[in-house]
Amino acid sequence: MGIRTGEQYINAVKSRKPEVWLEGRKVENILDEPVLKQAVIEIAKLYDLQHDPEYQEQITHICEETGERVNNAFLVPRSYEDLIKRRTAFEAYAEATFGLMGRSPDFLNVVLTSLYSNAHFLEKYNPQWGENIRDYYKYIRDNDLFLTHAIVNPQNDRRKSSHEQKDMFTHLGVVEETVDGLIVRGAKFLATLAPVTDEVIIYTFPGFQPGDERYAISFALPIDTPGLRIICRESMQDGKRPLFDHPLASRFEEIDALLVFKDVLIPWDRVFLYNNVEAANLLYPKTGIAQQPSHQSAVRGLVKLQFAAEVAARLADSIGVDAYLHVQEKLGELFQSVETIRALLHAAEYEYETTPEGEVMPNGVTLETIRGHMPNMYPRAIEVMQILGAGGLLLSPTGADFESEELREDLDRYYVGREGISGVERVSIFKLAWDLCGEAFGQRLLQYERYYTGDPIRKKAIFYNNIKRNSKFDMVDEALKVGQLKELSNK
């Protein structure tokens, strides 16, 4: 089949009946829920980009194995040029969503591609696991399916490992083995866009302890598998608000969900890892699923940061405050942040690493540096936006107010911006900014950027410890040579 269209994706959503709960209600039809329907529409647009002559060569390539056209996220990079092919695909999706949809289909397609190209890691523990992940990759690639994932345990007693929790199956674990496969019970989160995806993949993240064997499991399933319950968080908007009032929140809400597995059968051919704490802890660092998806995240993060900087600049310009030096300094800071991430991204690609198997990956240290800066740079961009907009962010009228003949004269007079900026234009810019820096939608985006890659404090500590482990700080010793004292002896 190869690349599918937006219509084919929408039809797939219509054909499934996953168990989805939203605000205390069991959802009967995904497309009847405005907050879910809008996400489907935006994802469908991304699938259609693959067929757009303007973007097709940028996003896709001909698969050597099948002869079909597939997304570049499924490309196993073997050269610098391959990395650029992937980056251009990431850019197309990120720019189409202003970097605001962190879990567009390309993200987990890269994760799966890394698992596929490093299946030898799984084969060391069980040859069948390696075969399973290779088959699954081809199935997803050839049908162009959309995945969600859930790799985090519920936040219960975090002082204790999975097997030490009060309830044995608070965390997702294996109940029993059967002839047909594994029976699993428990929960995982944070499954972004789960209700509107085709499949879910569960994989392990470091932190398993001896005794956690039943919880050391990786697998994939159709999202409508019997016994899989999807409990959505409270939505950040209802999907019904006018685009003039909420131009971002009304389009790009990514619903997150808790996945509850109620004695769900995992067929043996969908099991990628099981009952092995060592393998579970090494899967993430040894298969490229930490490094390769960071390339996609860096591209998306760059677009998102640049968008926030541009919104802040337009906001300041609309009321003329960018004429002041201290405002220019703040905006200059934001755009220097953008250029810092851009330079790091290009450096990561240019200074790529090659695995013993010939797979090319962007430089891990440089990618991790991007991941270290983004949790500070993006919140700072939002803070600057809030500072520059000040009280004006709190007092925007609605589109309906502007359509009122009785109010229009007042609104045009009192909401006008600097010379050349009408009241409608000024308010529309402020509403765009408010979606990013004030709405619950925007606060979710901020929290996402802080934590989607893990605890930023712990991540930087790990980064330093890796530097210390691999460096002797030779320049310090060289500098100290000049002032070394001769041995003093009082013999």
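The values are calculated or read from the model by the stated rules, or taken from the named source; none is laboratory data. Predicted model only: the values in this text are computed from it and were never measured. Every residue, glycine as well, gets a Cβ built from its backbone with ideal geometry; the counts of neighbours run over all protein chains shown.
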Residues being surrounded by 15 or more Cβ atoms within 10 Å (Cβ to Cβ), over 22 Å from the mean Cα position of the chain (by Cα) and more than 26 Å from residue 258 (Cα to Cα) - total across region 9-54: 1
Any hit, region 205-222, residues being in the same structural domain as residue 273 (by TED's automatic domain parsing), within 23 Å of residue 141 (Cβ to Cβ) and of a type in the set (Val, Ile, Thr): no
So residue 305, is it buried (at least 24 other Cβ atoms within 10 Å of the Cβ), touching a residue at least 12 places away in the same chain (Cβ under 8 Å) and more than 13 Å from residue 388 (Cα to Cα): yes
Scan of region 71-91 for residues that are of a type in the set (Asp, Glu) and in contact with a helix residue (DSSP H, G or I) (Cβ under 9 Å, 6 or more places away or on another chain), ordered by number: 82, 91
Answer from 411, 480, 445 - the residue that is more than 30 Å from residue 151 (Cβ to Cβ) and surrounded by 13 or more Cβ atoms within 10 Å (Cβ to Cβ): 411
Scan of region 167-186 for residues that are among the hydrophobic types (A, V, I, L, M, F, W, C), part of a strand (DSSP E or B) and either buried (at least 20 other Cβ atoms within 10 Å of the Cβ) or touching a Cys at 6+ places or on another chain (Cβ under 9 Å) (or both), ordered by number: 174, 182, 184
Cβ pairs under 8 Å, 6+ apart, first in region 221-249 and under 30 Å from residue 181 (Cα atoms), second among the polar types (S, T, N, Q): 223/148; 223/197
Test: residue in region 439-454 that is more than 21 Å from residue 367 (Cβ to Cβ), outside any helix (DSSP H, G or I), not assigned by TED's automatic domain parsing to the domain that holds residue 150 and not acidic (Asp, Glu): no
Residue 242 vs. criteria assigned to a loop (DSSP other than H, G, I, E, B) and closer than 25 Å to residue 140 by Cα: no
Positions within region 200-222 being outside any strand (DSSP E or B) and either of a type in the set (Asp, Glu) or surrounded by 18 or more Cβ atoms within 10 Å (Cβ to Cβ) (or both), in sequence order: 203, 204, 208, 212, 213, 214, 215, 216
Residue list for region 55-86, filter: in contact (Cβ under 8 Å) with a residue 12 or more places away in the chain and either at positive phi or of a type in the set (Gly, Ala, Ser) (or both): 73, 79
In region 135-166, residue farthest from residue 197 (Cα to Cα) [restricted to those that are out of contact with any Asp or Glu (no Cβ under 9 Å at 6 or more places or on another chain) and part of a strand (DSSP E or B)]: 152
